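**Q** Here's a structure for you.
None of the figures in this text is laboratory data; all of them are computed from the coordinates on show. Here the structure is a predicted model, which means the values were calculated and not measured. Cβ coordinates were reconstructed from backbone atoms using ideal geometry, including for glycine residues, and neighbour counts include every protein chain displayed.
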Amino acid sequence: MEIKQKKEKKEEIVRIYIMGREYKVPAGLTIMKAMEYAGYRFIRGCGCRGGFCGGCATVYRVKGDYKLRMALACQKTVEDGMYTSQIPFTPAEKPIYNLEELSPSVNVFLEYYPEIAKCVSCNTCTKACPQDLEVMDYVQAAIRGDIQEVAELSFDCIMCGLCAMRCPTEIVPYNVALLARRLYGKYVMPKAKHVEERIKEIESGKFDEEIRRLKETSMNNLKEMYEKREIEPE
Amino acid sequence: MDLAEKVKSISGEDVLSCYQCGLCSGSCPVRYAMDLSPTQVIRLVQIGEVEKIFESNTFWICSTCFTCQARCPRKINITKIMEALRQIRLRRDQDKIALSKIPKEELKIFPPIALVSNFRKTTS
Amino acid sequence: MIRLPYYPGCAVQTTARNYAISGIAVAEKLGVELVELPKWNCCGVFPSLATDDLMRHLAPIRNLIHVQEMNDSGVVQNENRVVTFCSMCFHTLKEASLFVKDEEKLGKINTFFEREKEFVGGVKQGYKGGIKALDFLEVLRDIIGYEKIAKEVKKPLKGLKVAPYYGCLVIRPREIGIDDPENPTILENILEALGAEIINNPNRTQCCGSYHTIDRKDIVAKLTYDNLIYPIRNGAEVVVTCCPLCTFNLDFRQKEARELHRDLKEIPVMYYTQLMAIAFELDKQFYGVDLELHHVDPRPLLKAKNLY
C-alpha cells in the first residue's frame with residue numbers, strides 16, 4: 001500500500017532542475033509554466049506562449065538519457081528528472097544586405113554566408129529543430145543556390161536559434177533561410193495579379209473618397225458599421 | 001602526447017621509413033612558395049622538432065595534389081602528414097583564413113567546391 | 001538503356017552546369033540513363049585525410065546511403081554503382097567508400113546514422129557497404145567503350161587542336177585514381193575517338209592550385225601559367241578538362257596569370273563532354289557554351305572550325 005501511494009503521488013508532482021537547482025512542480029505543466037510555478041518571472045525569452053515566436057528556446061536533458069534535447073519552453077511539458085535551461089538569445093552573425101540590390105543568383109548565399117560551405121551534413125541542426133524542419137537539407141540547397149528549395153523547406157522556421165547553437169561548423173541556418181524566403185518572395189515567386197491591380201487602384205486614388213468619409217465618421221458610427229460589416233464566408 | 005607522436009597518430013604514417021631522397025620536394029608543384037620543403041618537414045617530424053614546422057607555412061601551402069604520395073619510393077603518404085599538421089593547428093581553433101576577409105565580388109563567382117574544400121583545409 | 005544512379009554535386013548545378021548538361025545528353029546518346037539521386041547533399045570535398053576524423057565522412061557516406069535507398073524503392077535494381085561528373089565529388093565519394101571498409105570506423109559512423117531514424121529528414125538506415133563511385137570517364141571507357149563513342153561521331157573534330165588536362169583527383173592517389181597517375185590516357189583516347197588532334201601537354205597531371213584560389217590567387221595564377229603555356233606553345237587551341245575546379249582555375253585565373261607573364265595568350269577551356277556533344281551533333285543547347293559560364297568564350301574558335 002505504502003509503495004502504491006508513493007507512485008500515485010509521483011504522477012502528480014515531478015522533480016525538475018532549472019539551471020541546476022531542484023524544484024518540485026505539478027506534472028503536465030510546460031517548462032515555461034513550471035518555471036513560473038517555481039517562482040521565476042520571464043522578462044526575456046518569452047513571447048507568444050503559443051509556439052510561434054521562437055523566443056523561448058530551451059535545452060534539456062532527462063535523467064538517465066545521454067541525449068541533449070532541444071524544445072520550446074512554451075510547448076514542451078516537464079518530465080520527472082528533467083534538467084533544463086533557457087537560451088533566450090543566440091548571438092548570431094547577420095550581414096547587412098539591401099534586398100533591392102541583390103539578385104537571386106546561385107552564389108548569393110555563399111556571398112553573404114560563406115560559412116555554409118563548411119557544412120559536414122551531420123544533421124545535428126535537423127535534430128535540434130523544434131519545428132521538425134529539414135534544416136540540413138536547406139543548408140545544402142543553399143550551397144547549390146536553390147532559392148526555392150531553401151524557402152520551401154524553411155517556411156515554418158520560427159527563428160528560435162537552436163540550429164545555430166548546435167551546429168559544429170558554426171553556420172547560422174535560420175538567417176540563411178530568412179534571406180532565401182526574402183529573395184523567393186521578391187524575385188522568384190509569381191506575383192499575385194489581384195494584389196498588383198489593387199495596389200494600382202489604391203495609388204490611382206480610387207479609395208481616397210471612401211477613406212476621407214471614414215475619417216469623418218464618429219466613433220459610435222464606426223463601431224456600428226464595424227459590427228454590421230459583411231463577413232466573408234470561411 | 002608529444003607533437004611528433006600526434007602527427008604519426010593523426011596521419012597513420014610511419015615517418016621513420018623516409019630516407020630523405022627528396023623526390024617529394026622535387027615533385028611538389030607549390031614547393032617554390034614553401035618555407036620548408038616537404039622533405040625537411042618529414043625530417044623534423046622524425047627528430048621530434050615539430051615546433052619548427054609550425055613556424056613555417058609549408059603545410060598550409062600544400063594543395064593536397066597527392067603527387068608526392070604517388071611518387072614516394074618508400075610509400076609514405078606525405079599528403080596525410082601535411083593534413084595531420086593542419087589538423088593539429090585547426091583542432092586548437094587556429095584558423096588559417098578569416099571568412100570575413102574574402103572579397104564579396106570573388107564570392108559571387110567561386111564554384112561551391114572551391115569554398116567547401118578551402119574551408120575544410122584552412123578553418124576549424 | 002543502362003540506368004545508373006547519378007550524383008550531381010554542387011558544382012555542376014552552379015558554375016559547371018555546362019558539364020552536366022552536355023554530359024547527361026552525351027550519356028543518353030550512348031545508351032546510359034543517369035538517374036539523379038532523389039536526395040543528395042554536398043559530398044564534403046576534400047575528404048579528410050586524418051585517420052580519426054569520422055565526422056568529415058558523414059557527408060559522402062550519407063550520399064552512398066541514398067544510393068542504397070534508390071535500390072530499396074525500386075528506382076534502380078541491384079545497382080551498386082553511382083556516377084559523377086565532378087572529379088572532386090568522385091574522389092570524395094570513392095575515398096569515403098574505401099575509408100569505411102574498416103568495419104570499426106563504419107560501425108561508429110553507422111551509430112551516428114542510427115540515431116536519425118526518429119526525426120524528420122533523417123536517413124532510415126546505416127551504410128551497408130559495397131557502393132562504388134564511378135567517374136563518368138570510367139563509364140565511357142569501361143561500360144560504353146571508345147569504339148561505340150567513335151561510332152556516334154557525326155561531325156569529327158578534324159583539325160581542332162586539343163590539349164587534355166587531368167588535374168589531380170581523378171588520377172591520384174593510386175588507389176582512388178581511374179588511370180595511371182603518371183601517364184593517363186583516358187581523355188586522349190576519347191578525344192581521339194572524336195577525331196580531334198591531340199596536343200601534348202606535359203603538365204596535364206599537375207595541380208591547378210585547387211582551393212588556394214580563395215586565399216592564394218598568386219599560387220593559382222602561377223600554376224595556371226605553367227599548365228597553359230606548354231600546350232599553347234605546342235599549338236593547342238583549346239584545353240580539355242574533367243574537373244569543375246580545375247576548369248575554374250584554368251579559365252578564370254588566366255587574367256591573374258597574364259599579370260604575371262604577359263606572353264600568355266587567351267585559350268578557351270572546355271569539358272570533354274562539351275566536345276562530345278559537338279562531335280555527336282546534338283542539339284546546340286547541349287553544348288553548354290551559351291550559358292555565360294566560360295570566362296574565355298570558346299564560340300569564336302568553334303565557329304572558325306565550323307563546329308558551332
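**Q** Give the lysines whose C-alpha is closer than 28 Å to that of residue C:29, dropping any in the same chain fewer than 8 places away, or say none.
**A** C:39, C:94, C:132, C:148, C:151, C:154, C:155, C:158, C:161, C:284, C:303, C:305
**Q** Calculate how large, on average over all directions, the projected area of the Cα convex hull of chain B is; give the answer in nm² to one decimal.
**A** Directional mean of the projected Cα hull area for chain B stands at 7.9 nm².
**Q** FRET efficiency for residue A:48 and residue B:20, Cβ-Cβ distance as r, R0 = 56 Å, nearest 0.05?
**A** 0.25
**Q** Express in nm, to one decimal, how much length is gained between residue C:77 and residue C:155 on full extension, taking 0.36 nm for each residue of separation and deducting their alpha carbon distance.
**A** 24.5 nm
**Q** Given segment B:1-116, what count of lysine pairs have C-alpha atoms under 30 Å apart, with each pair 8 or more places apart or on different chains?
**A** 17
**Q** Please compute the volume of the convex hull spanned by the alpha-carbon atoms of segment C:2-135 and report it per residue in Å³.
**A** 99 Å³
**Q** To continue, here is another question. Do any trypsin sites (Lys or Arg not before Pro) in segment C:235-270 lie in a DSSP loop with no more than 13 other beta carbon atoms within 10 Å, and if so, which?
**A** Sparse-neighbourhood loop trypsin sites (Lys or Arg not before Pro): C:262, C:265.
**Q** Determine, for C:243, A:56, the number of other Cβ atoms within 10 Å of each Cβ, and report the residues in order from fewest to most.
**A** The order, fewest Cβ neighbours first, is A:56, C:243.
**Q** Calculate the spin-label point distance for residue A:195 paired with residue C:98, positioning each point 7 Å from the Cα along the beta-carbon direction, and give it in nanometres.
**A** Inter-label distance under the simple model: 5.3 nm.
**Q** Next up: How many partner chain Cβ atoms sit within 10 Å of a residue's Cβ in peptide A:121-129, on average, as a whole number?
**A** Mean partner-chain Cβ count within 10 Å for A:121-129: 6.
**Q** Using only the Cα atoms of segment C:194-287, build the gyration tensor, take square roots of its eigenvalues as a ≥ b ≥ c, and label the shape rounded, prolate or oblate: rounded if a/c is under 1.5, else prolate if a/b is larger than b/c, else oblate.
**A** Judged from the Cα gyration tensor, segment C:194-287 comes out prolate (a/c at least 1.5, a/b above b/c).
**Q** Within 10 Å of each Cβ in peptide C:8-20, how many partner chain Cβ atoms are there on average? Round it to a whole number, please.
**A** 5
**Q** Could you give the length gained by full extension between residue C:260 and residue C:198, i.e. 0.36 nm per residue of separation minus their alpha carbon distance, to one decimal place?
**A** 19.6 nm
**Q** Taking the beta-carbon count within 10 Å as an exposure proxy, list B:121, A:24, C:217, A:228 from fewest neighbours to most.
**A** Listed from fewest to most nearby Cβ atoms, that is A:228, A:24, C:217, B:121.
**Q** Note the full-extension length gain between residue A:85 and residue A:216 as 0.36 nm times their separation in residues minus their Cα-Cα distance, in nm to one decimal.
**A** Gain on extension, residue A:85 to residue A:216, equals 41.8 nm.
**Q** OK, next. If Lys and Arg each add +1 and Asp and Glu each add -1, what is the summed charge of the other residues whose beta carbon sits under 12 Å from the beta carbon of residue C:175?
**A** With Lys, Arg at +1 and Asp, Glu at -1, the neighbours total +4.
**Q** Specify whether the C-alpha gyration tensor of chain A places it in the rounded, prolate or oblate class, a ≥ b ≥ c being the square roots of the eigenvalues: rounded for a/c under 1.5, otherwise prolate if a/b is larger than b/c and oblate if not.
**A** oblate
**Q** Please give every one of the lysines within straight-line cross-link reach of residue A:228, meaning a C-alpha to C-alpha distance under 26 Å, and leave out same-chain neighbours fewer than 8 residues apart.
**A** Output for residue A:228: A:206, A:215.
**Q** Among the aspartates and glutamates, which fall within straight-line cross-link reach of residue A:127, defined as a Cα-Cα distance under 13 Å, with same-chain neighbours fewer than 8 residues apart omitted?
**A** A:137, C:114, C:116, C:118
**Q** How big is the gap, in Å, between the Cα center of segment A:136-214 and the Cα center of segment C:131-191?
**A** 45 Å
**Q** For the protein assembly as shown, divide the Cα radius of gyration by the Kirkwood radius and give the resulting Rg/Rh value with two decimals.
**A** Taking Rg over the Kirkwood Rh, I get 1.05.
**Q** Relative to the compact globular guide of 2.2 N^0.38 Å, what is the alpha carbon radius of gyration of chain C, as a ratio?
**A** Computed over Cα atoms of chain C, the ratio equals 1.01.
**Q** Provide the net charge surrounding residue A:149, with neighbours chosen by a C-beta distance below 13 Å and charges set as Lys +1, Arg +1, Asp -1, Glu -1.
**A** Around residue A:149, the charge tally is -1.
**Q** What Kirkwood radius, in Å to one decimal, follows from the Cα pairs of segment A:11-86?
**A** Averaging 1/r across every pair of different Cα atoms and inverting gives 12.2 Å.
**Q** Quick one: order A:97, C:225, A:138 by neighbouring beta-carbon count within 10 Å, fewest to most.
**A** With the sparsest Cβ surroundings first, the list reads A:97, C:225, A:138.
**Q** Which value in nm describes the separation of the simple spin-label points at residue A:61 and residue A:206, placed 7 Å from the Cα toward the beta carbon?
**A** Spacing of the two 7 Å Cα→Cβ label points: 6.2 nm.
**Q** Taking beta carbons within 10 Å but only from partner chains, what does the mean come to for residues C:119-125?
**A** Average neighbour count from other chains, rounded to a whole number: 5.
**Q** Here is a follow-up. When only Cα pairs under 8 Å and 6 or more residues apart are kept, what is the percent relative contact order across segment A:98-234?
**A** 22 percent
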